1. Taking the criterion of being surrounded by 15 or more Cβ atoms within 10 Å (Cβ to Cβ), modelled with pLDDT under 95 and either of a type in the set (Lys, Arg) or not assigned by TED's automatic domain parsing to the domain that holds Gly107 (or both), would at least one residue in the range 548-555 satisfy it?
2. Checking the structure you have, find out if any residue of the range 278-286 is touching a Pro at 6+ places or on another chain (Cβ under 7 Å) and more than 26 Å from Lys175 (Cβ to Cβ).
3. Tell me, please, whether a residue that is basic (Lys, Arg), surrounded by fewer than 15 Cβ atoms within 10 Å (Cβ to Cβ), in contact with a strand residue (DSSP E or B) (Cβ under 8 Å, 6 or more places away or on another chain) and not assigned by TED's automatic domain parsing to the domain that holds Arg63 can be found in the range 524-535.
4. For Ser434, which of the numbered conditions (1) crowded, with 18+ Cβ neighbours inside 10 Å; (2) at pLDDT 95 or above fails to hold?
5. Quick one: count up the residues across the range 511-523 that are crowded, with 18+ Cβ neighbours inside 10 Å and farther than 17 Å from Val399 by Cβ.
6. Is one or more of the residues making up the range 489-501 of a type in the set (Gly, Ala, Ser) and in contact (Cβ under 8 Å) with a residue 40 or more places away in the chain?
7. From the list Asn172, Asn182, which one is more than 24 Å from Ser437 (Cα to Cα), surrounded by fewer than 20 Cβ atoms within 10 Å (Cβ to Cβ) and either among the acidic types (Asp, Glu) or free of Cβ contacts under 8 Å to residues at least 60 places away in the same chain (or both)?
Amino acid sequence: MKLIPVLLAALFLTACGSDDKKDDETTFVSFNISTDKSAYKPNDIIRFTATKDIPPYAKIRYRHLNKTLLETEFSGSNWTWQAPPDDFKGYTVELFNSNDGKETIYGCVGVDVSSDWSRFPRYGFLSKFSNTEKVSDVITELNRYHLNGLQFYDWHYKHHQPLAGTVSLPANSWKDIINRTNYLSTVKSYISAAHEKNMKAMFYNLAYGATNTAYEDGVAVEWFLFKDKNKTTRDFHDLPEPPFNSDIYVTNPANTNWQSYLISRNQDVYSVLDFDGFHIDQLGDRGTLYDYNGSSVNLSTTFGPFIQAMKSASPDKKLVFNAVNQYGQTGIAQSPVDFLYTEVWSPNESYSNLVTIIKNNDASGGGEKKSVLAAYMNYKLADKAGMFNTPSVLLTDAVIFAFGGAHLELGEHMLGKEYFPNSNLQMTDELKKSLISYYDFMVGYQNLLRDGGSFNSPQVVSPQSVVGYTNWPPVAGRIAVIGKLVENRQVIHLINFSNTNSLDWRDTNGTRTVPVTRQNLELTITVAQAVKWVWIASPDLNYGSSVSLSYQQVGNSLSITVPSLKYWDMIVIEY
């Protein structure tokens, strides 16, 4: 998708602000600032670009959370900074000017310094591989959202034979399962462009898929799964022909001969295309199935051995496995996958369900493997051309991000369906700009959002009677409160459900309205010890710039005033 001028012209200032500035002391001027890569290793050189020259006497401020690391004077539109030596840290870089005690913010951008993408995965997708794709434009835009991994969806030839042609003579083009023509040159160009931005390129395929030419291509009947003990009917995923050229027949992931066969086919892929790993898909709970010998097979228990076989064959390659609606996730989490990926379906339709999935994944992965949710917004609305509902997307992202997850949603377009090439719905300009702010926010504050800590339920009350507050899970018509203790910081998220009558995250018909912005919210918070500092940041407030809050502490009672709440605020109390 080509970057449009209005997106280039607007900057959402994220996760920035001085250690002691107040909200009424700062003004904001929109610039667009970008980094040359989506993530960096410690001590890397980071290159920044602003779309126009910064006014004279401006300064650059480099910050980790609310701590300023360095300030320098600046002029021009391009500059560099050497990343600090600490690994797995989020930073923000801010351009500003100060005059008579007033600050003007010119621009800000988040920076992820992490040597391993799986620590803070931000996963996107690619789904169109024609010979007319605007590869550079697409990757440039996805880089602005700091995506550090891309799933190449339906790039392949056949499920059991993903590479078209041979290693010595790969096909220049091929028909995929829905009869689209994909081009080798486009796939190669996308991989190369992604690598230039430090994005991982993951090739998509099923763990157990074979099409109607499987037998002639060397797949044995003994490797399939059947719906009956007498093996009269192979299990298959029914696809309409046309437009699809085959149904998908289900093999046994635990069958070692099938594993060896697919490993060989994957090696062909790696020999021709510089993919970083295998994004493994499944089709969910298939019911009662039998192997060729008539023995019952619990499909969910086959995933772990399959993943281990893929890792043993290619130890340097990354692995991700889709736990469809959590099917098989416990075993998947204990296997060598890089992070946990869940495609969310009914009955997991509430915001609380999303959080339960993330927390269950955290428990299954021992707190070491982060979650990415494939959660398709405005599902029925996506049956025809239109625009995504901005409030539903931002509220869903606020919930997922506040609980430490990421949302698979961005590629050449935003996702509304499980068939990724479906691009019926487009993002409004407002949504595009807002998501830049949300993804900058996730990067800039990743050490509070996604780097350990323990969730708790802080006591938050308000003398105002206009709106109520409730600890998670949310209640329609109230502001949800989410607490998390991270070292010496009490983090409190406020998510605004105060004027909604629905807590279904998908908003399938795209009817959610913009929350009523709440101003000057007086809060009293019970705290555990003496408070040193209170600050607030929001992707909706002052472009994400953090500002200090005045506070009064009497014993265990802390009083503050939140200047504004639209969708999501993050209050940080430092002890």
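1. yes
2. Checked the range 278-286: no residue is touching a Pro at 6+ places or on another chain (Cβ under 7 Å) and more than 26 Å from Lys175 (Cβ to Cβ).
3. The answer is yes; a qualifying residue exists.
4. Only one criterion is unmet by Ser434, namely (2).
5. 3
6. no
7. Asn172
Yes or no, residue by residue, for (1) touching a residue at least 24 places away in the same chain (Cβ under 8 Å); (2) of a type in the set (Ser, Thr, Tyr):
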residue	(1), (2)
Thr166	yes, yes
His195	yes, no
Phe203	yes, no
Ala207	yes, no
Glu216	no, no
Val219	yes, no
Phe224	yes, no
His237	yes, no
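The values are calculated or read from the model by the stated rules, or taken from the named source; none is laboratory data. Since this is a predicted model, take the numbers as computed values, not measurements. FYI the Cβ positions are ideal-geometry reconstructions off the backbone, even for glycines, and counts take in every protein chain you see.
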